[in-house]
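Student: Have a look at this one.
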Amino acid sequence: MDLDRLTWWSHRRQLLGRAGAAPLDTLKRIVAVYSTHPTAPLALLARSADLTRAEFQNLEETRKMIRLPAMRGSAFLLLAESAARIFAATRQPLEKHAGSLAFGGLDFESYARLTPQVLDCLKTPSTPAKLRACAASDEHVYMVARVLAREGRVLRVGHSLRTDQLEYVAAAAWLGRELEDIDRTEALAWLANEYLRAFGPARVADFAWWAGVPRRVAASALAPCNTVESDGYLILEQDAAAFECIDQIDPNAVDVLPKWDSYTMGYAPDGRQRFVDDRFLSLAYTAVVGSPGATSGDGNPLILRGGRAVASWSHRFAGNRLIVSVKPFARAALSDDIFDAVGQLLSASSIDVTRQDQAAAAT
């Protein structure tokens, strides 16, 4: 598989370079983004021609996008219209949450008994403190709400773009209905096709890792898709001709991606060469004890140039002042103004950018 073509194709398919139109259409075309803030708004910012704080908040307030557990059990921001399918494809059985209930001093019997009371208290968005006050119980009702969120019966809604300041609300109250019950096999086959559309060409191992399913299950889900195979990579048949004649992207194009970006978390640990050199993998991902080359961890915030990772970055706020630290992987000329859009979306009063020594960052 031609690595350059993979880079150019995936960069365009992921709508990087702020190539997307409206944020809602952008989210649909890339399937989902991690819901943690500021990851969710920054992931859409990197792909949308225009995105404002008010527009992002309005999409959640008007129920056009919602947060649910999805791929690999992580919380994602999803289009409301496709949320039930994605949830059905990736849902974990209730038995998987026994440990969480036990941590709260609960079992399945107490969980079932407390559920109606918790849902009644969550007819409107509530903080954990409000929930505890409403339920007026010595039992761990907040843990019940958290497990109900894993079950898709409770949703989490946010207000701040900078951090997760979440309230809990019953899905039926927020959406006017419970999530539709969809057959998992059907939903997973649909999700496999969506994955190849947004992330292909990709291997069975990539889809298995992204979706959080065993490889044999991933292979079965991909089997009905109309695909062309090359060197173990699958691409949708409808995309094969266009892939072969894809044009090079601008080698100086710069993209600022947040932590846990959907692109950097879209491929198995050994399949990320399309956007990062192997020698930089340990800088692009957080270390996990026992993981190969530290690449099974979380995707760090990255800066791409010409579609390839050249630096990581981090940020913090001092009041309303955005403090950014850039760690180049090698010698890379990056101007400070690449963070202007980030600062604007997060309502920063000013931006200070510092750089770590290039030699130190590359060791």
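The values are calculated or read from the model by the stated rules, or taken from the named source; none is laboratory data. Nothing here was measured: the structure is a model prediction, and the numbers come from that model. Here Cβ is always computed from backbone atoms with ideal geometry, including for glycine, and neighbour counts include all displayed protein chains.
Student: Any residue that is surrounded by fewer than 17 Cβ atoms within 10 Å (Cβ to Cβ) and without any contact (Cβ under 8 Å) to a residue 24 or more places away in the chain - is there at least one of those in the stretch 31-49? Even if it seems obvious, please write down each step before you answer.
Tutor: Within the stretch 31-49, the subset surrounded by fewer than 17 Cβ atoms within 10 Å (Cβ to Cβ) is 49.
Still in the running and without any contact (Cβ under 8 Å) to a residue 24 or more places away in the chain: none.
Within the stretch 31-49, not a single residue is surrounded by fewer than 17 Cβ atoms within 10 Å (Cβ to Cβ) and without any contact (Cβ under 8 Å) to a residue 24 or more places away in the chain.
Student: As an exercise: evaluate residue 26 against (1) surrounded by 16 or more Cβ atoms within 10 Å (Cβ to Cβ); (2) more than 19 Å from the chain's Cα centre (by Cα) and give the number of the one condition it does not meet.
Tutor: It fails just one condition, (2).
Student: Look through the stretch 157-176, keep the residues that are among the aliphatic types (A, V, I, L, M) and in contact with a Phe, Trp or Tyr (Cβ under 9 Å, 6 or more places away or on another chain), and return whichever of them is nearest to residue 118 (Cα to Cα). Even if it seems obvious, please write down each step before you answer.
Tutor: Filtering the stretch 157-176 down to residues among the aliphatic types (A, V, I, L, M) leaves 157, 161, 166, 169-173, 175.
Applying the additional criterion that residues be in contact with a Phe, Trp or Tyr (Cβ under 9 Å, 6 or more places away or on another chain) yields 157, 161.
On the way: 157: 16, 161: 27 Å.
Here the answer is 157.
Student: Among 294, 330, 360, 311, which is among the aliphatic types (A, V, I, L, M), within 24 Å of the chain's Cα centre (by Cα) and at pLDDT below 95? Step through it out loud before you land on a result.
Tutor: Numbers: 330 fails: within 24 Å of the chain's Cα centre (by Cα); 360 fails: within 24 Å of the chain's Cα centre (by Cα); 311 fails: at pLDDT below 95.
Result: 294 is the single residue among 294, 330, 360, 311 that is among the aliphatic types (A, V, I, L, M), within 24 Å of the chain's Cα centre (by Cα) and at pLDDT below 95.
Student: Related question: Return yes or no: is residue 148 buried (at least 21 other Cβ atoms within 10 Å of the Cβ), within 30 Å of residue 342 (Cα to Cα), in contact with a strand residue (DSSP E or B) (Cβ under 6 Å, 6 or more places away or on another chain) and of a type outside the set (Val, Ile, Thr)? Before the answer, list the steps.
Tutor: Values: buried (at least 21 other Cβ atoms within 10 Å of the Cβ): yes; within 30 Å of residue 342 (Cα to Cα): no; in contact with a strand residue (DSSP E or B) (Cβ under 6 Å, 6 or more places away or on another chain): yes; of a type outside the set (Val, Ile, Thr): yes.
For residue 148, the condition - buried (at least 21 other Cβ atoms within 10 Å of the Cβ), within 30 Å of residue 342 (Cα to Cα), in contact with a strand residue (DSSP E or B) (Cβ under 6 Å, 6 or more places away or on another chain) and of a type outside the set (Val, Ile, Thr) - is not met.
Student: Going through the stretch 75-127 one residue at a time, which ones are farther than 30 Å from residue 64 by Cβ and small (Gly, Ala, Ser)?
Tutor: 98, 99, 102, 104, 105, 110, 112, listed by residue number.
Student: To continue, here is another question. Identify, from the list 70, 89, 80, the residue that is closer than 23 Å to residue 202 by Cα and in contact (Cβ under 8 Å) with a residue 60 or more places away in the chain. Before the answer, list the steps.
Tutor: Details: 70 fails: in contact (Cβ under 8 Å) with a residue 60 or more places away in the chain; 80 fails: closer than 23 Å to residue 202 by Cα.
It is 89.
Student: So, residue 149, is that one more than 30 Å from residue 275 (Cβ to Cβ) and among the hydrophobic types (A, V, I, L, M, F, W, C) or not?
Tutor: Numbers: more than 30 Å from residue 275 (Cβ to Cβ): yes; among the hydrophobic types (A, V, I, L, M, F, W, C): yes.
Yes, satisfied.
Quick grid of which residues meet (1) in a strand (DSSP E or B); (2) among the polar types (S, T, N, Q):
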residue: 310; (1), (2): yes, no
residue: 313; (1), (2): yes, no
residue: 317; (1), (2): yes, no
residue: 325; (1), (2): yes, yes
residue: 333; (1), (2): no, no
residue: 338; (1), (2): no, no
residue: 341; (1), (2): no, no
residue: 344; (1), (2): no, yes
residue: 347; (1), (2): no, yes
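Student: For the structure I just gave you, tell me whether residue 222 is under 30 Å from residue 115 (Cα atoms) and modelled with pLDDT of 95 or more. First the steps, then the outcome.
Tutor: Numbers: under 30 Å from residue 115 (Cα atoms): no; modelled with pLDDT of 95 or more: yes.
So residue 222 does not fit the description; no.
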